[in-house]
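Worksheet for the structure shown next.
The values are calculated or read from the model by the stated rules, or taken from the named source; none is laboratory data. Since we're looking at a predicted model, the values are computed, not measured. Methodologically, a virtual Cβ is constructed for each residue, glycine included, from the backbone with ideal geometry; neighbour enumeration extends over all protein chains shown. Remember, those area values only see protein heavy atoms, side chains included, never the ligands or the DNA or RNA. Shrake-Rupley method; radii C 1.70, N 1.55, O 1.52, S 1.80 Å.
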Amino acid sequence: MLKYLRFPLRASLSLLCGALMLTSCDADTDSLEPSPLVGTTTSSFTLVDSIKVDAFFQSSNPDLYQTYKDKTYKVEAQNKLQAYYYEENGGVTLFFKDTSSVQERSWVSFHFKNRTIKNLPATLSLKDASQVCVQNGQSFKDGSAALAPGCLSVLDGTISLDFNASTNVLNGEVKELKLGLEYYVPDYAFPNRAGNVFKSSGSNRNLTISFQNVKSYQER
């Protein structure tokens with residue numbers, strides 16, 4: 001099951017930067033011009049959060065049941081992803097952050113273990129924790145953020161990868177990634193007391209991402 005740490009945004013920025021081994025969290029990185037030598041990075045991003053509240057709570061917590069049962073939160077964006085890859089800790093990490101919203105932004109990363117950028121798998125089940133570590137986070141309009149503190153238990157999903165050695169860019173697709181979820185983004189406020197209900201009822205986050213010409217962190 002998905003477990004999140006919740007904390008104020010000012011604390012989360014430094015933690016996220018450290019976890020991702022970035023040298024900067026400068027907002028200007030979102031607007032860097034792509035290198036004309038390898039083409040423009042393009043992307044398609046779809047996120048769907050399906051909120052479930054078990055029928056058990058209809059009597060024990062009727063207000064929560066009526067407010068949240070079967071709610072959906074959806075984001076669709078074209079070319080609104082911050083995307084890059086980097087090699088670290090004997091593997092390769094691929095990182096995506098949705099920039100279509102100013103405050104409510106999600107991110108997801110994939111760390112491929114015991115790999116180099118030149119020998120990534122062509123296709124891989126994201127449920128295979130022996131080969132890939134998936135992490136996910138979300139920022140909210142109240143200034144707080146949620147961060148998965150470790151590799152997540154992935155419910156479903158695959159990734160396809162194609163590295164172009166002549167231009168050092170990565171192309172591919174994340175298809176039907178499914179993760180457990182314990183918050184409803186539009187209504188989130190710290191602390192999220194409904195989180196355990198959402199999680200235990202089977203709420204989930206679904207992500208589909210396609211990407212072309214993703215560059216290394218150093219070459220963006």
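Tabulated data for the structure shown
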{"quantity": "Tabulated pairs, the stretch 91-102, first in contact (Cβ under 8 Å) with a residue 40 or more places away in the chain, second assigned to a strand (DSSP E or B) and among the acidic types (D, E), C-beta under 8 angstrom, 6+ apart or interchain", "calculated": "T93/E87"}
{"quantity": "A148 vs. criteria over 13 Å from the mean Cα position of the chain (by Cα), crowded, with 19+ Cβ neighbours inside 10 Å and modelled with pLDDT under 95", "calculated": "no"}
{"quantity": "The stretch 97-113 - residue that is more than 18 Å from V174 (Cα to Cα) and small (G, A, S) and, of those, most open to solvent (accessible area, probe 1.4 Å)", "calculated": "S100"}
{"quantity": "Selection count, the stretch 185-216, where residues are under 19 Å from G157 (Cα atoms) and part of a loop (DSSP other than H, G, I, E, B)", "calculated": "2"}
{"quantity": "From the options K178, K141, residue that is over 20 Å from Q212 (Cα atoms) and modelled with pLDDT under 95", "calculated": "K141"}
{"quantity": "All strands (runs of 3 or more DSSP E) inside the stretch 9-91 with 3 or more residues being under 25 Å from F112 (Cβ atoms), open to solvent by less than 30 Å² (accessible area, probe 1.4 Å) and modelled with pLDDT of 95 or more", "calculated": "42-50, 81-88"}
{"quantity": "Residue among D162, D156, D187 that is open to solvent by 30 Å² or more (accessible area, probe 1.4 Å) and under 23 Å from E88 (Cα atoms)", "calculated": "D162"}
{"quantity": "In the stretch 101-116, the residues that are closer than 26 Å to K199 by Cβ and either out of contact with any Asp or Glu (no Cβ under 7 Å at 6 or more places or on another chain) or not in a loop (DSSP other than H, G, I, E, B) (or both)", "calculated": "S101, Q103, E104, S106, W107, V108, S109, F110, H111"}
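So that you can scan it fast, the table gives a plain yes or no per residue for (1) touching a residue at least 60 places away in the same chain (Cβ under 8 Å); (2) part of a strand (DSSP E or B):
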{"residue": "K118", "(1), (2)": "no, no"}
{"residue": "L124", "(1), (2)": "no, yes"}
{"residue": "V134", "(1), (2)": "no, yes"}
{"residue": "G137", "(1), (2)": "yes, yes"}
{"residue": "K141", "(1), (2)": "no, no"}
{"residue": "L152", "(1), (2)": "yes, no"}
{"residue": "G157", "(1), (2)": "no, yes"}
{"residue": "S160", "(1), (2)": "no, yes"}
{"residue": "T167", "(1), (2)": "yes, no"}
